[in-house]
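Here's the structure, in structure tokens; my notes come after.
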Amino acid sequence: MQKAPTQVKVVLLGDSGVGKSSLVLRFVADNFKNDADATIGASYMGKILQFNDKMIKFNIWDTAGQERYHSLAKMYYRDANAAIMVYDITKRDSFEGLKRWHKELQEFGPKDIVVTIAGNKEDLVETEAVPQEEAKEYSKSIGALYRKTSAKTNYGVEQVFRDIATKMCPDLEAQAPAARPSGTISLQPKPTPAGGKKKCC
Amino acid sequence: MERSKDQIIEDLNKHGLTKKNKPLITNLMLNGPPHKDRKLIWLETSGARLQMKTNPNYYSAIVEDKLKIKTEFSQQIDRDLHRTFPAESYFVEEKHLTSLRKILVAYSWRNPTVGYCQGLNFLVGRLLTVGFSEEECFWLLAQIIEAYLPNDYFSVMTGVIIDQQVFQVLLKNKLPKMAKHLSSIGIDASLYTVHWLVCMFAYTFPKNVVMRIWDIFFIEGSVFLFKIGLSLMWIFRKEITKITDFNEAFRFLEFQSQNIADPDIILGLAISMKSINSKTIDKLREKLRIQSQDETTCNDSVSTEDSAKSYTEICTDESECELKSKQECSYFTFRSTSGVSIIDEYINDSNVPKVVDLANTIDNDKNLVIGCKNHACPIKQSSSVIRGDIEEAYNGLRNDQNEIS
Ligand SMILES: Nc1nc2c(ncn2[C@@H]2O[C@H](COP(=O)(O)OP(=O)(O)O)[C@@H](O)[C@H]2O)c(=O)[nH]1
Ligand SMILES: [Mg+2]
């Protein structure tokens with residue numbers, strides 16, 4: 001009998017409209033809507049990913065983005081294992097917004113939370129407003145992982161979650177995801193060097 | 001004694017909400033009013049029609065003056081237009097989205113302390129689908145924010161956090177087993193009540209259920225939101241107490257709420273909860289607010305120098321008082337004989353209430369109103385008095401339904 005999957009709580013943070021809900025919908029249901037409901041409060045979805053010898057269940061909490069909702073968001077990230085901080089690569093403001101989110105995470109989040117930055121709407125890369133180097137630099141400076149994503153084209157989405165799992169359990173050998181009909185092939189993440197947290201393995 | 005529906009509506013239309021007709025209206029609302037009358041009843045009971053009468057050109061003037069100006073709020077509104085009930089065909093039509101935008105933008109100028117808060121789009125969206133005109137929606141929204149809900153609900157949202165705690169207390173008292181179970185799996189009311197409160201269930205339930213809830217809400221006030229919440233939990237009590245996973249419990253609640261199709265059960269339960277009234281809620285709010293203030297010592301006291309006119313006239317009698325308490329604005333409005341003007345510096349300013357030097361405003365208008373929601377006249381003890389006696393109206397009407405325990 002297979003062991004019960006390891007549970008990982010992930011919370012999505014970031015300004016309103018950057019595509020948090022869309023990323024979750026893509027990851028969980030492989031779907032994209034041009035218009036989905038604005039998130040009020042938070043929503044929850046779960047998804048299990050198979051790694052070679054292990055299953056991980058991501059419990060994903062998606063939150064409302066408007067700044068005044070920050071005080072309500074605490075409830076959702078208090079005991080999270082990982083946070084995906086999302087910005088819209090075509091909106092400078094949303095990148096600046098990450099600093100505020102990060103500050104709050106540091107203040108109210110768990111000490112050892114794994115932080116990932118997702119530069120979303122990669123499909124609109126021609127109108128990119130934040131140089132990738134700068135985003136990478138910033139991610140590094142706060143010890144966060146970084147990846148570009150597109151909920152629309154399904155670029156890098158699952159990878160964000162695999163990154164999190166690998167970071168949390170460095171000895172996880174990520175299993176190659178089945179090739180998708182779309183032809184999108186995700187790169188295998190390099191197992192992050194030592195120093196990773198051994199929380200879930 | 002028996003009066004026909006039409007007579008009651010006619011009376012409301014002529015005289016507004018009175019002590020006499022209120023129980024009758026309430027009774028009418030228990031089973032849902034005839035749809036054609038719903039609009040009139042909401043406008044009257046909420047005080048929105050009075051606002052419209054008193055401020056005839058207010059809405060059109062704001063729209064004309066301000067609609068085209070880009071602000072932080074208008075940008076957020078634009079982001080949310082297409083994310084307002086996107087599954088409903090009504091909101092696919094561009095003209096309806098334009099109305100939604102106009103109402104929300106206009107309100108952000110009327111009350112810059114609130115500006116725009118995500119969730120208001122769902123409130124206004126629901127009002128629009130009932131068939132109200134833009135101006136009617138605008139004043140209904142103004143009444144909801146300024147007369148029905150605590151004044152920091154949509155601005156800094158402290159009011160929402162307090163009300164979540166209020167709900168948690170009520171749940172503990174009324175459904176102790178369930179409350180115990182939920183806390184044993186780590187679920188606090190603050191997780192699942194955000195959209196109940198912020199959208200007054202517009203985000204939670206199907207349209208027909210929401211309309212029936214608002215029928216009573218406009219008469220009874222925000223206490224009814226808590227009763228609906230408790231009723232919902234009671235309906236799901238068996239299922240929820242079986243769920244032992246935190247995430248699943250949350251998901252169950254979200255998903256099942258959207259599938260509540262019959263408003264009668266939940267309404268009936270809520271109406272039968274006679275032990276909770278506005279006073280209960282006000283007291284709890286006050287208590288919890290003091291507690292949370294103790295925790296986060298806040299000392300941004302507001303000075304009220306007489307450089308601005310504050311609105312503290314004493315009314316001559318009770319009816320004037322009632323009228324005024326419905327008229328008064330949350331924060332400020334600047335009316336002049338020529339229509340409405342708005343002081344731009346209020347936008348993006350979080351220090352409210354703010355003192356404005358009248359010398360610096362346009363044509364030293366006398367009608368500048370700055371202050372808090374409930375006017376300070378001693379005749380009217382509290383806003384709950386107006387709606388408080390509604391419990392009596394229900395007495396005898398729904399005795400068949402046992403109170404939840
Ligand atoms: N082009 C493009 N649009 C996206 C992408 N992700 C989300 N969107 C759009 O951006 C808007 C906001 O998305 P949403 O997921 O609601 O943002 P949230 O407020 O962060 O949850 C919606 O209209 C989405 O369709 C993406 O990767 N590419
Ligand atoms: Mg969202």
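Overview of values
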{"quantity": "Enumerated helices (runs of 4 or more DSSP H) restricted to region B:198-274, each holding at least 1 residues that are farther than 27 Å from B:V130 by Cα and of a type outside the set (K, R)", "calculated": "B:223-235, B:237-242, B:246-258"}
{"quantity": "Checking A:T63 against (1) polar (S, T, N, Q); (2) more than 15 Å from A:Q159 (Cα to Cα); (3) more than 8 Å from chain B (Cβ to nearest Cβ); (4) open to solvent by 10 Å² or more (accessible area, probe 1.4 Å), the condition it does not meet", "calculated": "(4)"}
{"quantity": "Positions within region B:119-160 being modelled with pLDDT of 95 or more, in contact with a Gly (Cβ under 8 Å, 6 or more places away or on another chain) and within 14 Å of chain A (Cβ to nearest Cβ), in sequence order", "calculated": "B:Y153, B:F154"}
{"quantity": "Given (1) at pLDDT below 95; (2) part of a helix (DSSP H, G or I), number of the condition B:H181 does not satisfy", "calculated": "(1)"}
{"quantity": "Index of the failed condition, A:K74 passing every other in (1) surrounded by fewer than 22 Cβ atoms within 10 Å (Cβ to Cβ); (2) more than 16 Å from ligand 1 (Cβ to nearest atom); (3) under 24 Å from A:Q159 (Cβ atoms)", "calculated": "(3)"}
{"quantity": "Subset of region A:21-60 [more than 13 Å from ligand 2 (Cβ to nearest atom) and of a type in the set (K, R)]", "calculated": "A:K47, A:K54, A:K57"}
{"quantity": "Selected residue [away from ligand 2 (no atom under 16 Å from the Cβ), in contact (Cβ under 8 Å) with a residue 40 or more places away in the chain and open to solvent by 30 Å² or more (accessible area, probe 1.4 Å)] from A:K140, A:K167, A:K148", "calculated": "A:K167"}
{"quantity": "Pair list, Cβ under 9 Å, 6 or more apart: region A:35-63 residue without any contact (Cβ under 8 Å) to a residue 24 or more places away in the chain, other residue basic (K, R) and within 12 Å of ligand 1 (Cβ to nearest atom)", "calculated": "A:D35/B:R83; A:A36/B:R83; A:D37/B:R83"}
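The values are calculated or read from the model by the stated rules, or taken from the named source; none is laboratory data. These numbers were taken from a predicted model, which means no experiment stands behind them. Methodologically, a virtual Cβ is constructed for each residue, glycine included, from the backbone with ideal geometry; neighbour enumeration extends over all protein chains shown. SASA here: full protein model, heavy atoms, side chains in, ligands and nucleic acids out. Shrake-Rupley method; radii C 1.70, N 1.55, O 1.52, S 1.80 Å.
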